[in-house]
Each structure stands twice: as C-alpha cells, then as structure tokens.
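First comes the structure, then the notes that go with it.
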Amino acid sequence: MALAWAHVSFTEELLCPICLELFVDPVILSCGHNFCRQCVQEYWQRQATGLCCPECREETGQEGPLRPNQVVQEMSEEARLLAGLYCQLHGLRYKLFCDTDLQLICVSCRDSPEHQQHEASPVQEAAQFYKEKLQEEIASFQDRTSAFTAFLNVEEDKIPLVKKNAESLRQHIKEQFAQMHGFLCEQEAALTRDLVEHERSVLTLIRENLQKVQEGLSSLGARLAKLISQQAQGDDIEFLKELSKQRPDDIQLPTEAATDLPLGIFKGPLQYKVWKEMKDFISPAPEALTLDPESAHQRLLVSEDLTHVRLTDSNQQPQGPERFGPCVNILAAQGFRSGRHYWEVEVGTKTAWDLGVARESVRRKGRITLSPVDGYWTLWLRDGDQYKALDWPAVPLAPATKPRKVGVYLDFEGGQVSFYNADDMSHLYTFRDTFSERLFPYFSPYLTSCPGNAEGLRLCTLKL
C-alpha cells in the first residue's frame with residue numbers, strides 16, 4: 001500500500017501545473033518551474049503582461065527558444081508506463097476485472113456504491129451517461145448560439161458608427177480640397193486682373209498715340225492748305241512771309257507704344273510660383289524643429305544647428321537631471337499642447353532607429369518601455385528590415401519600400417499620431433489616444449554596434 005501511494009505522489013510531481021496531465025515535451029523556466037512546452041506558450045499568448053512564470057509570476061525574460069528538461073521528460077515517460085498498473089482514484093494496484101466492461105479495477109473500486117449500481121443496472125448507467133453527455137452538448141450549442149448572437153449584435157452596431165466616421169472623413173477631405181481650390185481660384189483671379197490692367201494700360205497708350213498723330217496730321221494739313229491758297233493768289237512776298245512762319249517740325253510724333261506684355265509675369269513658372277505661395281496656406285506646414293541638447297544622452301553628439309544627432313564612443317554632454325540614460329534618446333526643443341503638426345526626419349540607410357512622440361513627464365532614467373501606456377507613441381527599425389509600431393501590443397509593419405525619410409503627424413485635439421514614408425507619403429501606422437499634457441517629438445539613433453548604423457538622424461527643414 002505504501003508503494004502504491006508513493007507512486008501516486010511521484011506521478012503528481014510529474015503533472016504539468018497548467019493542463020494537470022503528465023508532462024509532454026517539458027521545458028524548464030529560469031525560476032525552476034517546469035511546464036509542457038505547448039501549455040506555457042499558449043499561456044503567454046493569452047497574457048498581455050509580458051513573459052512570466054504561470055506558477056510563481058516571476059518575469060522570465062525568455063526571448064529565445066525554451067530549454068527542454070530531458071530528465072523530467074524521461075521520468076514522465078516512465079510514469080506514463082507505470083500509470084496503467086495503479087488505480088488513479090485510490091492509489092491501489094489493479095487486481096480485479098469489472099464483470100460488465102472487463103476493465104481493470106482495484107478492491108476499493110469494486111466495493112464502491114457506484115460500481116455496485118453499475119453491476120446492478122448497466123443499461124441505466126449507460127443511459128444516464130449519455131443523457132449527461134447530451135445535456136453537455138445542448139449547453140455547448142446554447143453557449144455558441146449566445147456567442148454568435150452577441151457577436152452579430154456587436155457587428156450590426158458597428159455599421160452606423162463606420163458610416164458616421166466615413167461621412168466625417170469624407171467631409172474633411174472635401175473641406176481640405178475646397179480650401180486648395182479656393183486658394184488656386186483666388187490666385188488665378190488675381191493674376192487675371194493684373195493681366196487685364198496691363199492690357200488696358202498698353203491699349204490706352206496706343207489710343208493716345210493715335211489721337212496725337214491724328215491731331216498732328218490735321219494741323220499739318222491745315223497749314224499746307226493755307227500755304228497753297230496764298231501761293232495761288234500770286235503774292236510771292238506774302239507767300240514767303242507765311243512760309244517762314246510755318247515750322248512743321250514743331251509737331252512731334254509721340255513715343256511709340258510697346259506692344260509686348262510682361263511675359264515674365266504671365267508666362268513664367270506660374271505653377272511653381274503659386275506652389276511656393278501656398279506655404280502660408282498649407283496647414284499643417286512642415287515644422288522646422290530643433291533638438292534639445294539638455295535632454296540628450298551623454299554620448300549623443302548634437303550639431304551646432306541642432307538638426308543632426310549621432311551616437312559616439314565618449315561623453316559629449318555634461319551630466320544633467322533631464323538627460324536620458326542609459327537609453328540613447330533625445331527630444332526636440334519644441335513641445336505641443338494643441339493643434340496639428342507635421343515634421344520629417346531623415347533616417348537614410350540606418351539599420352536601427354526610434355522615432356515618435358513622448359509626453360513631457362516620461363521617465364528618462366533607467367529602463368524605458370516604449371508604449372502608449374508609458375507615454376510614448378513610436379515606431380522603430382531593427383536589423384535593417386524589422387519595422388514595428390510600438391503599440392500595446394506591438395504591431396509588425398511591412399513597408400512597400402524602405403523609407404529614407406519618415407514623416408510624423410500629430411493632431412493633439414484629434415488624438416492622432418500618424419507615420420508616413422515621406423518619400424512617397426505612403427501611410428505606415430496611426431496611433432489613436434487621448435492627450436492631456438505637452439508632447440515632444442522623440443528620437444533615438446540607437447546603438448552604433450548594430451551593423452550599418454553609424455550614421456545619425458537629421459531633422460528635415462523643408463523649403464516650399
């Protein structure tokens with residue numbers, strides 16, 4: 001009897017704490033607890049709190065392959081072989097056969113009321129068993145029906161919300177393009193008015209010249225007629241006197257009017273000229289940000305114009321309470337409490353970087369977690385092609401082309417932070433949240449130990 005119970009106790013030590021079955025492909029965590037590989041992986045997938053031991057809740061920091069426990073594996077297999085020799089209910093070795101189903105039973109099983117009832121009425125026992133199974137299936141179908149009904153109601157409730165949001169965005173697009181259309185129409189009308197004024201001025205000058213020429217011709221004609229009349233009268237002396245008085249060169253021709261309109265104004269690079277004038281109209285216009293050296297990690301080198309930052313091998317900055325450390329981060333000097341803002345960052349061919357927005361009160365010392373819960377709305381690149389939006393949980397991204405410039409859009413009141421490949425303005429990811437304190441653009445050139453990551457980050461100053 002003692003041996004049987006010892007076997008039961010030994011078997012219990014080989015049960016997975018999650019599935020309560022003998023271990024299958026057991027793995028051991030850093031805390032020393034063992035689990036079935038599939039059980040612990042499925043447990044972690046259901047959790048949103050990070051990788052921790054399901055039994056003692058200690059953080060494992062497990063990121064690589066799980067380490068198998070060969071000793072427990074062999075003991076589990078041995079126990080599985082021995083399990084058929086002992087009653088799992090009473091811990092006694094099987095010695096008897098049930099007369100009804102010819103299954104091994106122990107003495108306690110034979111003497112139990114359930115077995116006696118089974119011996120007396122196996123048909124009733126079988127009927128009761130299938131009745132219970134039927135009730136379980138009915139309950140399962142009812143649960144599934146309720147779940148489908150609830151899901152259907154939720155999905156139906158989404159339809160008017162989607163339509164409302166689509167209509168709001170449709171109106172926003174219409175308003176944005178209406179503003180651009182209005183601006184272009186105003187520019188066209190102003191240029192057309194200027195052309196009309198130039199045309200009127202030139203035509204007025206021509207008409208004035210025509211009038212002056214006509215008046216000169218009339219005066220010359222009158223003088224000529226008078227001279228011819230006096231000559232016809234035969235009085236040569238009077239004719240010579242009158243001729244000496246007449247000087248036709250005192251009637252001057254007017255200055256010739258130029259017929260050319262100013263082509264440089266009306267037939268120059270009109271589209272480019274108007275496009276440059278749109279910089280005061282575009283909202284939000286690209287921000288001309290600068291970096292805040294007071295927030296920079298000590299090894300970050302910031303350029304004199306405060307637009308470029310890269311990591312070095314030695315301290316470039318003095319110690320300060322506002323500096324990041326040990327994370328190699330830096331913030332912009334400009335923070336935003338309201339409004340819509342857009343800026344671009346040149347990442348070039350770097351293989352690792354972080355970009356985004358951070359709350360003013362974020363933690364700057366010690367270990368930092370980049371997530372909206374901790375006040376960061378960011379994207380990162382690792383290993384040259386591994387892009388992630390560090391949402392909660394993180395979302396892998398697959399840009400169609402590798403960005404050399406990344407655009408960041410912030411709508412404070414709208415609760416939106418969006419990222420774009422600034423080379424073609426293709427959308428990368430959007431965070432939705434509610435902001436209550438000042439937000440600062442956030443940057444990290446990451447570590448130079450990553451292959452191909454020696455160059456820094458540069459803030460783009462766009463000139464329209």
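The values are calculated or read from the model by the stated rules, or taken from the named source; none is laboratory data. Nothing here was measured: the structure is a model prediction, and the numbers come from that model. Here Cβ is always computed from backbone atoms with ideal geometry, including for glycine, and neighbour counts include all displayed protein chains. Keep in mind that these areas ignore ligands, DNA and RNA; they rest on the heavy atoms of the full protein, side chains included. Shrake-Rupley method; radii C 1.70, N 1.55, O 1.52, S 1.80 Å.
The figures follow:
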item	result
Calculated FRET efficiency for the pair residue 385/residue 153, C-beta based, R₀ 51 Å, to 0.05	0.75
Cα-centred dipole magnitude for region 265-308, charges only on beta-carbon of K, R (+1) and D, E (-1), debye, nearest 20	420 debye
Per-residue SASA entry for residue 77, accessible area with 1.4 Å probe, Å² rounded to 10	90 Å²
Probe 1.4 Å - accessible area at residue 392, Å² to nearest ten	140 Å²
Three-way shape call for region 256-359 based on the alpha-carbon gyration tensor, with the a/c threshold at 1.5	prolate
Share of pairwise Cα separations in region 284-417, more than 22 Å, in percent	39 percent
Estimated translational D of region 398-464 in µm²/s (Stokes, Kirkwood radius over Cα pairs; 10 °C; 1.306 mPa s)	112 µm²/s
Alpha-carbon Rg/Rh ratio, for region 283-344, with Rh computed the Kirkwood way	1.03
Placed amide H near residue 334: partners under 5 Å, 5+ positions off or other chain	290
Which listed pairs, of 174/273; 350/405; 164/388, have C-alpha distances above 22 Å, in listed order	174/273; 164/388
Three-way shape label, region 357-433, alpha-carbon gyration tensor, a/c 1.5	oblate
Heavy atoms of residue 420 accessible to a 1.4 Å probe, total area in Å² rounded to 10	50 Å²
Virtual spin-label span in nm between residue 313 and residue 56, 7 Å along Cα→Cβ	4.2 nm
